[in-house]
1. For the range 276-302, enumerate the residues that are at pLDDT 95 or above, touching a Ser or Thr at 6+ places or on another chain (Cβ under 8 Å) and of a type outside the set (S, T, N, Q).
2. Give the residue that is nearest to Pro254 (Cα to Cα), with candidates limited to residues of the range 122-161 that are crowded, with 22+ Cβ neighbours inside 10 Å and in contact with an Asp or Glu (Cβ under 7 Å, 6 or more places away or on another chain).
3. Could we say that Ser70 is open to solvent by 40 Å² or more (accessible area, probe 1.4 Å), without any contact (Cβ under 8 Å) to a residue 60 or more places away in the chain and among the hydroxyl-bearing types (Ser, Thr, Tyr) here?
4. Of everything in the range 171-189 that's over 21 Å from Val159 (Cβ atoms), without any contact (Cβ under 8 Å) to a residue 40 or more places away in the chain and not hydrophobic (A, V, I, L, M, F, W, C), which residue is surrounded by the fewest Cβ atoms within 10 Å (Cβ to Cβ)?
5. List the number of the failed condition for Arg205; all other conditions in (1) open to solvent by 90 Å² or more (accessible area, probe 1.4 Å); (2) part of a loop (DSSP other than H, G, I, E, B) hold.
6. Quick check on Val168: is it closer than 30 Å to Leu247 by Cβ, of a type in the set (A, V, I, L, M) and in contact with a strand residue (DSSP E or B) (Cβ under 8 Å, 6 or more places away or on another chain)?
7. Residues Asp249, Asp224, Asp236: which one is farther than 21 Å from Leu163 by Cα and loosely packed, with under 15 Cβ neighbours inside 10 Å?
8. Could you tell me whether the range 307-330 includes any residue that is of a type in the set (Val, Ile, Thr) and either modelled with pLDDT of 85 or more or assigned to a strand (DSSP E or B) (or both)?
Amino acid sequence: MLSLRGRASALCHHCYTLRVSAASHRRRNASGTRRGVLMSEDDVADRHAELEASDDHYDGKLVASSSLPSDPGVFASRLRRSLQSWSAGGTRGVWLKLGLGQSSLIPEAVEQGFVFHHAERDYVMMTRWLPTSLPSTLPANASHQVGVGAFVVNSRGEVLVVLERSGVLRGRGVWKMPTGLVAAGEDLTEAAERELREETGVTARVEAVLAVRQAHGFAFGKSDMFVVLGMRPQPDQQQPVPQESELVDARWVPIHEYTEQEFFRGMPLYSKLLERCQAWAEGRYKGFRAERLESNVVKKRSDLLIWGEDDDCDVNESALAEVAGGKAPS
């Protein structure tokens with residue numbers, strides 16, 4: 001128990017400590033105020049400036065990701081100011097792309113009405129529709145994945161088939177044409193040639209598009225577009241070497257051995273698909289051509305066009321004259 005003198009000494013020490021603490025607190029506040037003044041002088045304009053963005057062709061804005069502030073608070077302030085300005089100016093949709101290093105900005109964007117559109121390995125795309133009196137017309141994320149099938153026929157009338165090591169046909173003994181998915185920025189023809197080369201080591205050139213199958217309810221709710229391409233090996237005589245991680249085997253077989261497998265029976269879709277493939281191999285069906293042609297709608301570029309050739313048929317001059325004159329040919 002402290003004596004009266006001890007208690008007095010302790011009280012004096014406590015009062016001194018409080019005075020020192022209060023003085024230190026005042027100094028910190030004063031310093032903070034001075035820093036706040038400096039920040040307001042240097043940074044207020046930036047904090048309230050619009051975000052850098054470019055116009056798209058549909059009255060929308062594409063926010064420049066590379067110029068976004070890293071501080072979430074500053075970003076939120078500038079985004080709010082930008083949305084107010086863009087909305088007043090008639091902007092409809094806003095696209096905001098945030099990379100992995102900008103993930104701290106996502107909550108701020110969500111707070112201001114942005115929603116996820118799609119994501120890739122290194123970024124997420126977010127959107128905000130500004131008009132309150134109009135329904136959003138922003139396009140949804142890609143609805144389809146695109147696959148290709150390589151129907152490769154050599155000069156002996158044999159087709160190249162593979163036995164898969166994984167997938168829905170694993171262990172079922174079903175021989176199929178080499179297949180694979182089309183990568184972003186890759187033409188259908190390039191994808192078929194690449195997949196064939198990767199899976200079997202065989203090089204071939206696409207000669208025709210034979211059929212297209214559309215289906216729904218695939219991975220993550222996406223639809224699937226499957227394009228079958230008729231191909232010829234170059235050079236003709238090549239021995240397939242199956243990719244061990246993907247295939248159990250790869251070989252050339254007579255076309256009828258492939259098309260008459262028990263697995264395909266009773267499925268009209270595959271019956272028609274294989275019938276068209278066989279007709280092309282036997283020269284009874286041309287399929288569609290696929291060729292890159294120039295297209296300069298927005299900028300000079302070339303895109304893949306797929307079209308059907310005219311049928312080979314004998315039309316006499318009198319029939320052509322009748323059609324030209326508006327009469328049905330006799």
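1. The one that is at pLDDT 95 or above, touching a Ser or Thr at 6+ places or on another chain (Cβ under 8 Å) and of a type outside the set (S, T, N, Q): Cys277.
2. By that ranking, first place goes to Ala150.
3. Yes.
4. Gly185
5. (2)
6. No; evaluated as a whole, the condition is false for this residue.
7. Asp236
8. No, there is no match, as no residue in the range 307-330 is of a type in the set (Val, Ile, Thr) and either modelled with pLDDT of 85 or more or assigned to a strand (DSSP E or B) (or both).
The values are calculated or read from the model by the stated rules, or taken from the named source; none is laboratory data. Computed from a prediction, not measured in an experiment: that's the story for all the values here. Here the Cβ is made from the backbone with ideal geometry for all residues, glycine too, and neighbour counts use every protein chain on show. Protein only, heavy atoms only, side chains kept; ligands, DNA and RNA dropped before computing areas. Shrake-Rupley method; radii C 1.70, N 1.55, O 1.52, S 1.80 Å.
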